Amino acid sequence: MQQQKRQPELVEGNLPVFVFPTELIFYADDQSTHKQVLTLYNPYEFALKFKVLCTTPNKYAVVDATGAVKPQCCVDIVIRHRDVRASYYGVIDKFRLQVSEQSQRKALGKKEIIATLLPSAKEQQQQKEEEEKRIKEHLAESVFFEQTLCQPENRTASSGPSLLTVFLGVVCVAALMLPTLGEMESLVPLYLHLSVNQKLVAAYVLGNLLTLYICKN
């Protein structure tokens, strides 16, 4: 005996709602933008009914604010801005699209769409271009400062060894030239006589200094 497939229970408010776009931008100087279209998709295997709500319904006209969409189909919802005035520039309004199963009243899901009225599409484009220009200039200045900071180091490295390196080199050479302990025939005072180990250390340090200087150049 075959078991009948049971449709999973739909929890109120948890059903994903697929609508495009999620933001509407109207431009006062472009009448073609005063009419916008929302597309509601129904990827499910059951029909949906929808309702469009708005925070400021006096500013907009929604064609077919309620309706239904068949399974795995879509429907277009036309929204017109009917109160274009300067005092509304930059004000953000919100639409809420609620969907429910046709046989039920509870809202299975909802989606919010924001709407904004801007004065001019050209001004918006200019602002966007200026912002992109400022970003590019900022990046160029950052690269310039990085190169400037690196230049003194390059000049220092190419100008020759530092004073500390020269001083250590002179000390090591002088140490190697001093007599070794045990040499009796020397005019140098005894306290300046160095052991073999001390001279080996001086030779080791001098060799490292010469190697670093050759590698840098």
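Hey, could you check the stretch 48-92 for residues that are in contact with a Lys or Arg (Cβ under 8 Å, 6 or more places away or on another chain) and of a type in the set (Phe, Trp, Tyr) and say which is surrounded by the fewest Cβ atoms within 10 Å (Cβ to Cβ)?
Taking the candidates together, the pick is Tyr88.
Kindly evaluate Thr66 against the criterion of being farther than 17 Å from Lys111 by Cβ, touching a strand residue (DSSP E or B) at 6+ places or on another chain (Cβ under 9 Å) and of a type in the set (Val, Ile, Thr).
Numbers: farther than 17 Å from Lys111 by Cβ: no; touching a strand residue (DSSP E or B) at 6+ places or on another chain (Cβ under 9 Å): yes; of a type in the set (Val, Ile, Thr): yes.
In short, no.
Looking at the stretch 181-217, which of the residues that are under 26 Å from Leu164 (Cα atoms) and not in a helix (DSSP H, G or I) is modelled with the lowest pLDDT? Give the steps one after another, and end with the answer.
Of the residues in the stretch 181-217, the ones under 26 Å from Leu164 (Cα atoms) are 191-217.
So of that shortlist, the ones also not in a helix (DSSP H, G or I) come out as 193-195, 217.
Values: His193: 70, Leu194: 72, Ser195: 74, Asn217: 62.
Only one residue fits best here, namely Asn217.
Identify, from the list Leu15, Leu40, the residue that is at pLDDT 95 or above and open to solvent by less than 50 Å² (accessible area, probe 1.4 Å).
Working: Leu15 fails: at pLDDT 95 or above.
Answer to the selection: Leu40.
Given the criteria within 15 Å of Ser100 (Cβ to Cβ), touching a strand residue (DSSP E or B) at 6+ places or on another chain (Cβ under 9 Å) and open to solvent by less than 30 Å² (accessible area, probe 1.4 Å), does Leu24 qualify? I'd like the intermediate steps shown before the answer.
Details: within 15 Å of Ser100 (Cβ to Cβ): no; touching a strand residue (DSSP E or B) at 6+ places or on another chain (Cβ under 9 Å): yes; open to solvent by less than 30 Å² (accessible area, probe 1.4 Å): yes.
No; evaluated as a whole, the condition is false for this residue.
Taking the criterion of being within 30 Å of Lys49 (Cα to Cα) and at pLDDT 75 or above, would at least one residue in the stretch 117-131 satisfy it? Show your work before the answer.
Step one: list which residues in the stretch 117-131 are within 30 Å of Lys49 (Cα to Cα), which gives 117.
Next cut, at pLDDT 75 or above only: 117.
Scanning the stretch 117-131, I find at least one residue that is within 30 Å of Lys49 (Cα to Cα) and at pLDDT 75 or above, so the answer is yes.
The values are calculated or read from the model by the stated rules, or taken from the named source; none is laboratory data. Since this is a predicted model, take the numbers as computed values, not measurements. Cβ: placed from backbone, ideal geometry, glycine included. Neighbour counts: every protein chain shown. Note: areas computed on protein heavy atoms with side chains; ligands, DNA, RNA excluded. Shrake-Rupley method; radii C 1.70, N 1.55, O 1.52, S 1.80 Å.
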